[in-house]
Amino acid sequence: LARMGLPALALLLAAGLLHTQASPQARSFQLDYEEDCFRKDGAPFRYISGSIHYARVPRPAWRDRLLKMYMSGVSTVQVYIPWNYHEPLPGVYDFAGDRDVEAFLDLTAELGLLVILRPGPYICAEWEMGGLPAWLLWKPDIVLRSSDPAYLAAVDSWLHVLLPKIKPRLYQHGGNIISVQVENEYGSYYACDYEYMRHLLGSFRALLGGEVLLFTTDGTLAEELRCGTLQGLYATVDFGPGSNVTEAFGAQRRVEPKGPLVNSEYYTGWLDYWGEAHASTSSAQVARGLEEMLQLGASINMYMFHGGTNFAYWSGADFKDQYKPVTTSYDYDAPLSEAGDPTEKLFAIRTVISKFQPLPVGPMPPATPKYAYGRVALQKYANLLDVLDVLCPSGPIQNKFPLTFEAIKQAHGFVVYRTQLPRDVLNPALLGSPPHSICDRGYVMLQQEYQGTLERDSQTTLRVTGRAGDTLDVLLENMGRISFGANISDFKGLLGNLSLDSSPLSNWLIYPLAIDIAIKQGWPHSAQPESSSRGTAGPAFYTGTFKTPGITWDTFVKFPGWSKGQLWINGFNLGRYWPSRGPQQTLFVPGSLLHDDRPNNITVLELEGAPPAPFLLFLDRPLFNRTLSRSTVTTE
């Protein structure tokens, strides 16, 4: 070296060819089975991590949320990648804008956070179909999450697109991704297909290399750990503050006798289902469990640290004896609220962390400002059935019997099924469907008059009267494909034939609706209202505009007197509202969607019935709980 002279030495250093401490070759993240810990660059390491899902947070807010997590004392963030968010159709990929996962990962690195990546292919996450693309179901007999060749072929082509984006960001290669999870709680799935897990292990190794730490996460039951773990993948567990920590880690020790103790999902709260009470977990209980695990030297990821929002049609559903769709809010009673605000729980967690490691210097960034834009009057634009030409420009599909969403290649949203009454029905006849064939809600119109709603696992019949040749329309709504708890593929639409007093109806016209495409193109604000639209019952579009007083702050919109539907502001689909069922009463509206220099366009698709003088109310705080909204109705 002495003979080479400084310029040559500098070139070698710049090229990373000399093994100095700072060179990427010195970077490692490994398991230590002797000392029962992780080792980062050779030194013992324990992570305190929090989950955040970029798909549930608008891109302009990413930095704010990540900075608040960093200032809370977490060293690491745990991130899911939803396959269906990035491959909407086979071979069609979307990594732009809110879907730019590489930009999100770069931001975590810029802020000094490490990353635990969970690329699936199945993620659960209470996300539509657990992150699996609906187009997999175009092959109706496909066995999801198994070694079914059709499923594996789709998985492999996706991993070949995704994982090369990840590899240069691995810790070993100078990035900040310290570990990668394979699949997700596979032990909770009925298939228990070791061939599938072995195949994934091979694909991940081939595409990410031999050094990256790969792991699994499962519940603590023996059966879950039997089917979810695999030689070559480090087994971790997940459990919440209600669990006995010693017993739970005892379950991990039965499958991993040596190595670090890891809780990959320590639940800071829980999700909400439509029609059930708002879930909450006390800050004291969460803090107590966290401290107990940290005292054992465990590595912990808090699920969720920031929950965010299930915008558009992305909320999933659980199946626990019945179909249970998840609310639009994914607040999760997490340390950072749905709107990204620090809560009492965050400060309780930060206090616990401070007992084990120094906190970053500086103040916690404050809550983002909120604004109550107040009352905005809406007007009816048109009944949904009057604008089928706009919403289904290619016209209907004809078939003797109804076809599923998947059979007509419609992933999300809505489809109209139309037929005619075959005979006079002067006495009320029973319009019905076989069990489990309304997926998930059917809004029934006869001669354009709303008759009522059919619903999966509950209301499956209605009484109707009419004349031969009368038009029967059923608008089918997909409320989100099952993400956890079902052993079957969750097809949507009319899965069986409707019948009238047990005689099947046939000769259907099926209209797949492209509502979001029309709204993105400026409809209906760019069109004239349909003059014939009277009455407020049944599926219809309502429009309105509002101006902001020169500021675009976050806000929450309430739906006084509305029933159920979907909301768009400035073309962005904010998700499902359902105040009549609750518990969620308001939708979160990120300020980044709003204009301060021109009117903001509101479009509402109400499915059952709007109030006589329809308006929306923009508040500066959310109402998550139906009981809360009842007590405040009088003041608004």
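Is there a residue in the range 541-563 that is hydrophobic (A, V, I, L, M, F, W, C) and within 30 Å of LYS409 (Cα to Cα)?
Just the residues of the range 541-563 that are hydrophobic (A, V, I, L, M, F, W, C), to begin with: 541, 546, 551, 553, 556-557, 559, 562.
Applying the additional criterion that residues be within 30 Å of LYS409 (Cα to Cα) yields 541.
Yes, the range 541-563 contains a residue that is hydrophobic (A, V, I, L, M, F, W, C) and within 30 Å of LYS409 (Cα to Cα).
Residues in the range 109-141 that are over 19 Å from TRP314 (Cα atoms) and among the small types (Gly, Ala, Ser): ALA109, GLY112. Going through (1) more than 27 Å from LYS370 (Cβ to Cβ); (2) open to solvent by 30 Å² or more (accessible area, probe 1.4 Å); (3) not in a loop (DSSP other than H, G, I, E, B) one by one, PHE541 falls short only on (2). Conditions: (1) open to solvent by less than 30 Å² (accessible area, probe 1.4 Å); (2) under 22 Å from ARG205 (Cβ atoms). LYS167 meets all but one. Number of the miss? Going through the list (1) open to solvent by less than 30 Å² (accessible area, probe 1.4 Å); (2) under 22 Å from ARG205 (Cβ atoms), LYS167 breaks only (1). Comparison of LEU431, LEU426 shows that the only residue that is touching a strand residue (DSSP E or B) at 6+ places or on another chain (Cβ under 7 Å), open to solvent by 60 Å² or more (accessible area, probe 1.4 Å) and among the hydrophobic types (A, V, I, L, M, F, W, C) is LEU426.
With respect to GLY535, is the statement that it is outside the structural domain of LEU132 (by the TED database), under 22 Å from ARG418 (Cα atoms) and free of Cβ contacts under 8 Å to residues at least 40 places away in the same chain true?
Here the answer is yes, as GLY535 does meet what is asked.
For the range 498-526, enumerate the residues that are closer than 21 Å to PRO393 by Cα and either assigned to a loop (DSSP other than H, G, I, E, B) or in contact with a Cys (Cβ under 7 Å, 6 or more places away or on another chain) (or both). Result: ASN507, TYR511, PRO512, LEU513, ALA514, GLN521, GLY522, TRP523, PRO524, HIS525, SER526.
Quick one: count up the residues across the range 548-566 that are farther than 18 Å from ASP620 by Cα, touching a Ser or Thr at 6+ places or on another chain (Cβ under 9 Å) and not charged (D, E, K, R). Walk me through it before giving the result.
So the first thing to find is which residues in the range 548-566 are farther than 18 Å from ASP620 by Cα, and the list is 561-566.
Checking which are touching a Ser or Thr at 6+ places or on another chain (Cβ under 9 Å) leaves us with 562-564, 566.
Cutting the leftovers down to not charged (D, E, K, R) gives us 562-563, 566.
Total satisfying the criteria: 3.
Within the range 172-186, the set of residues being open to solvent by 10 Å² or more (accessible area, probe 1.4 Å), touching a Ser or Thr at 6+ places or on another chain (Cβ under 8 Å) and part of a helix (DSSP H, G or I) comprises GLN172 only. Looking across the range 343-361, the residues that are among the basic types (Lys, Arg) and buried (at least 18 other Cβ atoms within 10 Å of the Cβ) come down to LYS345, ARG350.
Check every one of the helices (runs of 4 or more DSSP H) wholly within the range 281-393 and list those with 1 or more residues that are of a type in the set (Ser, Thr, Tyr). Before the answer, list the steps.
Details: elements: 283-295, 344-354, 388-391.
Output list reads 283-295, 344-354.
Is there a residue being open to solvent by 20 Å² or more (accessible area, probe 1.4 Å), of a type in the set (A, V, I, L, M, F, W, C) and at pLDDT 95 or above anywhere in the range 412-419? Within the range 412-419, none of the residues are open to solvent by 20 Å² or more (accessible area, probe 1.4 Å), of a type in the set (A, V, I, L, M, F, W, C) and at pLDDT 95 or above. Only one entry of PHE618, PHE588 meets the criterion of being in contact (Cβ under 8 Å) with a residue 12 or more places away in the chain, touching a strand residue (DSSP E or B) at 6+ places or on another chain (Cβ under 8 Å), open to solvent by less than 10 Å² (accessible area, probe 1.4 Å) and within 24 Å of PRO325 (Cα to Cα), and that entry is PHE588.
Take TYR80 and tell me if it is within 20 Å of ILE300 (Cα to Cα) and in contact with a helix residue (DSSP H, G or I) (Cβ under 9 Å, 6 or more places away or on another chain).
Details: within 20 Å of ILE300 (Cα to Cα): yes; in contact with a helix residue (DSSP H, G or I) (Cβ under 9 Å, 6 or more places away or on another chain): yes.
Considered against the rule, which asks whether it is within 20 Å of ILE300 (Cα to Cα) and in contact with a helix residue (DSSP H, G or I) (Cβ under 9 Å, 6 or more places away or on another chain), TYR80 comes out as yes.
Taking the conditions (1) under 21 Å from GLN78 (Cα atoms); (2) free of Cβ contacts under 8 Å to residues at least 60 places away in the same chain in turn, ASP331 satisfies each one other than (2).
In the set (1) small (Gly, Ala, Ser); (2) within 21 Å of ALA317 (Cα to Cα); (3) in contact (Cβ under 8 Å) with a residue 60 or more places away in the chain, GLY175 fails one condition alone, (2). Pairs linking a residue in the range 31-58 that is modelled with pLDDT under 95 to a residue that is outside any helix (DSSP H, G or I) and open to solvent by less than 60 Å² (accessible area, probe 1.4 Å), with Cβ atoms under 9 Å and 6 or more positions apart or on different chains, do not occur. Given the condition among the aromatic types (Phe, Trp, Tyr), on the phi < 0 side of the Ramachandran plot and at pLDDT below 95, answer yes or no: does some residue in the range 469-488 qualify? The answer is yes, given that some residue of the range 469-488 is among the aromatic types (Phe, Trp, Tyr), on the phi < 0 side of the Ramachandran plot and at pLDDT below 95.
The set of residues in the range 294-342 that are open to solvent by 10 Å² or more (accessible area, probe 1.4 Å) and among the aliphatic types (A, V, I, L, M) comprises LEU296, ALA312.
Selection of the range 187-211 for residues being under 17 Å from GLY131 (Cα atoms) and either assigned to a strand (DSSP E or B) or open to solvent by 40 Å² or more (accessible area, probe 1.4 Å) (or both) yields only SER188.
Among the candidates GLY73, GLY91, the residue that is at positive phi, open to solvent by less than 20 Å² (accessible area, probe 1.4 Å) and either touching a helix residue (DSSP H, G or I) at 6+ places or on another chain (Cβ under 8 Å) or aliphatic (A, V, I, L, M) (or both) is uniquely GLY73. Taking the criterion of being within 18 Å of the chain's Cα centre (by Cα) and hydroxyl-bearing (Ser, Thr, Tyr), the residues of the range 255-286 that qualify are TYR267, THR268, TYR273. The set of residues from the range 212-228 being open to solvent by 10 Å² or more (accessible area, probe 1.4 Å) and among the polar types (S, T, N, Q) comprises just one member, THR220. Anything in the range 43-54 that is open to solvent by less than 10 Å² (accessible area, probe 1.4 Å) and not in a loop (DSSP other than H, G, I, E, B)? List them, or say none. Hits for the range 43-54 are ILE48, SER49, GLY50, SER51, ILE52, TYR54.
Contact annotation: residue pairs with Cβ atoms under 6 Å, 6 or more positions apart or on different chains, pairing a residue in the range 247-270 that is without any contact (Cβ under 8 Å) to a residue 60 or more places away in the chain with a partner that is hydroxyl-bearing (Ser, Thr, Tyr), are ALA248/THR220; ALA251/THR220; VAL255/THR229; VAL262/THR236; VAL262/SER299; TYR267/TYR303. Figure legend. Inter-residue proximity from the range 388-403: first residues among the charged types (D, E, K, R), second residues open to solvent by less than 60 Å² (accessible area, probe 1.4 Å) and part of a loop (DSSP other than H, G, I, E, B), beta-carbon distance below 8 Å, spacing 6+ or different chains. Indicated pairs: LYS400/SER506. Just one of the listed residues (GLY466, GLY485, GLY522) is crowded, with 19+ Cβ neighbours inside 10 Å and small (Gly, Ala, Ser), and it is GLY466.
The values are calculated or read from the model by the stated rules, or taken from the named source; none is laboratory data. Note that the structure is predicted; figures quoted are calculated from it, not measured. For neighbour counting, all protein chains shown are included, and Cβ atoms are generated from backbone atoms with ideal geometry for every residue, glycine included. To get the accessible areas, we keep the full protein, side chains included, count just its heavy atoms, and leave off ligands, DNA and RNA. Shrake-Rupley method; radii C 1.70, N 1.55, O 1.52, S 1.80 Å.
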